[in-house]
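Participant: Just dropping this structure here.
The values are calculated or read from the model by the stated rules, or taken from the named source; none is laboratory data. Keep in mind it's a predicted model, so treat the numbers as computed, not measured. Don't worry about glycine lacking a Cβ; one is built from the backbone with ideal geometry, like all the others, and counts go over all protein chains shown. Accessible surface areas use protein heavy atoms only, side chains included; no ligands, DNA or RNA. Shrake-Rupley method; radii C 1.70, N 1.55, O 1.52, S 1.80 Å.
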Amino acid sequence: MQLPRWCELGDPCAWTGQGRGTRRMSPATTGTFLLTVYTIFSKVHSDRDVYPSAGVLFVHVLERESFKGEFPPYPKPGEISNDPITFNTNLMGYPDRPGWLRYIQRTPYSDGVLYGSPTAESVGKPTIIEITAYNRRTFETARHNLIINIMSAEDFPLPYQAEFFIKNMNVEEMLASEVLGDFLGAVKNVWQPERLNAINITSALDRGGRVPLPINDMKEGVYVMVGADVPFSSCLREVENPQNQLRCSQEMEPVITCDKKFRTQFYIDWCKISLVDKTKQVSTYQEVIRGEGILPDGGEYKPPSDSLKSRDYYTDFLITLAVPSAVALVLFLILAYIMCCRREGVEKRNMQTPDIQLVHHSAIQKSTKELRDMSKNREIAWPLSTLPVFHPVTGELIPPLNADNYESTNMPLMQTQQNLPHQTQIPQQQTTGDFRLTTFQRFEASIMKLFIRF
C-alpha cells in the first residue's frame, strides 16, 4: 500500500513488518490515513476537526486550489485560475499560533503547511486556529477555522529518541509524506524498532542556522526527531566513538558504516546527531531551601475586587497645579518690581554726568545721524559740520551759509578767503612799487616797539 501524501493525525508513520520491502501500516494508521485524505482534499470549507496525538508529528496542508473558488469572480467549470494566495494563521483570540505549531509557505503560488508536535499540556483542550486566505490579485479574503483536538498517546513519550540533521532538504520538502516515509524507512532498517514515530521537524533557520546562498541548489537543512521503543543500534552508537569524536572536532566527516543506507537520498551530518535515552535521565528537580534571599510563597495573586470605593483626585490635582503656579507668580512679581520700579531713569543719569561729556555724546549722535542720512541720499546738501564756523583771520563767528545758493557738489570743505563774506583784505604789493604793510608785518613792528620800550 502506498504512503499517504501527507502525514497527519494519530500515528502517521507507524510501520510494521521487516525492512523497506514490506511497507504495511497498522489498522489504526490506515484509518488515520483515510481521515487525513478527507481533511486535506475536502472542498467543503466549514470548521474542520482534526485529532492529532500528543508527541507525534502533526501536518496540515492549506491548499490554494481549495480556496480559489471562494474569491469573486468565481471561476467557471473547467476554467483555470492561478491567483497568488497567501495565508495567515493564528489562535482564536490571539495574534499568533500556539508555541508548538509552526507555519510555512514559500511563495504565494505554493501551498501553506501547518506542522508541529502537540504537547501533553494541550491534551483534551480544543485548539481553534483561524485561517485567513488572501487573494493578492483581487484583495479578497476568506476565513475558516481549524479545530485541533489533541489526544493522548499510550506510549508517550517514546523512551529512545534520535535527532538527525539532513543537509540537503528544506523543511517543506521534508514534510511531504513520500520523503518523510523514505527517511523513516531508512531509519527503520538501521534501528530495527517495533514502533517508530516522527516526533518533530524543525528548520535549521529556527536553530540559528544561516540562510544558504542561492547557488548550486543549496538547502537550508532540517532537523528530524524520531522516537522508538528499542535501544539504539550499534550503527547509531558509532558516532560516540573517540575516533569519530576527534574527526568531528577537526571538522571532518566521521566514519559511519550505515551511512550508505541514507546517502542515496539524504545527506546526514553525523556530527550533529543527538541520541536521547529517556530511561537513564535523572530528575533535575531540587527542593528549594528557603533562606535570606528567597521570599516565602505568598500563594496565588488575588486582584482587588470591584467593590473598592472610588477616590477623588480633585484635591490632589488642585494642590499639584496651584503650588507651582503660586511660586511662579511670586517670582514674576519680584522680577517685574526689580525691572520696572527700581530703575534710576535717564534724568538721574544726566544729572550725574558732566556737561562736557553730554555735549560730546550729543555731538557724536548728531554726526552719526547726519552720516546715516548722507548714506541714504548722496545728493543732499553738505552737512553743517563740514562748513566753516569761525573767521580765519578775525576769529569772528560766521553764520551758516545757505546751501541752496550753490551747488553742493562743487562746494569746498574749507572756504577760501575770497569766498568768505566780511573778510578783511590783506594788503598786497602794488604795481607802482609801493608796499603796504601786511597784518603780519604790523604785528612784528608792534613787538619790536615793545622790546625797545622795555
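Participant: Please go through (1) open to solvent by 90 Å² or more (accessible area, probe 1.4 Å); (2) under 30 Å from Gln105 (Cα atoms); (3) not acidic (Asp, Glu) for Gln243 and return the number of the only condition it doesn't satisfy.
Facilitator: Status for Gln243: all satisfied but (2).
Participant: Quick check on Asp259: is it of a type in the set (D, E, K, R), touching a Pro at 6+ places or on another chain (Cβ under 9 Å) and modelled with pLDDT of 75 or more?
Facilitator: Considered against the rule, which asks whether it is of a type in the set (D, E, K, R), touching a Pro at 6+ places or on another chain (Cβ under 9 Å) and modelled with pLDDT of 75 or more, Asp259 comes out as no.
Participant: Of all residues being β-branched (Val, Ile, Thr) and not in a helix (DSSP H, G or I) in the range 226-241, which is farthest from Ser274 (Cα to Cα)? Just the residue, please. Walk me through it before giving the result.
Facilitator: In the first step, residues of the range 226-241 are kept if they are β-branched (Val, Ile, Thr); the result is 226, 230, 239.
Add one more test, that the residue is not in a helix (DSSP H, G or I), and what stays is 226, 230.
Values: Val226: 11, Val230: 16 Å.
Looking at the filtered set, the residue picked out is Val230.
Participant: Which pairs do you get when a residue that is within 15 Å of Glu163 (Cα to Cα) and among the β-branched types (Val, Ile, Thr), found in the range 230-246, comes within reach of a residue that is open to solvent by less than 20 Å² (accessible area, probe 1.4 Å) and assigned to a helix (DSSP H, G or I), reach meaning Cβ atoms under 6 angstrom, with the pair 6+ apart or on two chains?
Facilitator: Once the first residue is within 15 Å of Glu163 (Cα to Cα) and among the β-branched types (Val, Ile, Thr) and sits in the range 230-246, its partners that are open to solvent by less than 20 Å² (accessible area, probe 1.4 Å) and assigned to a helix (DSSP H, G or I) give Val239/Trp270.
Participant: Please state which one of Ile338, Ile334, Ile319, Ile273 is of a type in the set (Val, Ile, Thr), modelled with pLDDT of 80 or more and in contact with an Asp or Glu (Cβ under 8 Å, 6 or more places away or on another chain).
Facilitator: On the way: Ile338 fails: in contact with an Asp or Glu (Cβ under 8 Å, 6 or more places away or on another chain); Ile334 fails: in contact with an Asp or Glu (Cβ under 8 Å, 6 or more places away or on another chain); Ile319 fails: in contact with an Asp or Glu (Cβ under 8 Å, 6 or more places away or on another chain).
Just one listed residue meets the conditions, Ile273.
Participant: Tell me whether the range 113-129 contains one or more residues that are open to solvent by less than 30 Å² (accessible area, probe 1.4 Å), under 30 Å from Gln192 (Cα atoms), of a type in the set (Ser, Thr, Tyr) and modelled with pLDDT of 90 or more.
Facilitator: Within the range 113-129, one or more residues are open to solvent by less than 30 Å² (accessible area, probe 1.4 Å), under 30 Å from Gln192 (Cα atoms), of a type in the set (Ser, Thr, Tyr) and modelled with pLDDT of 90 or more.
Participant: Quick check, is Ala133 closer than 17 Å to Tyr51 by Cα and at pLDDT 90 or above?
Facilitator: It is false that Ala133 is closer than 17 Å to Tyr51 by Cα and at pLDDT 90 or above.
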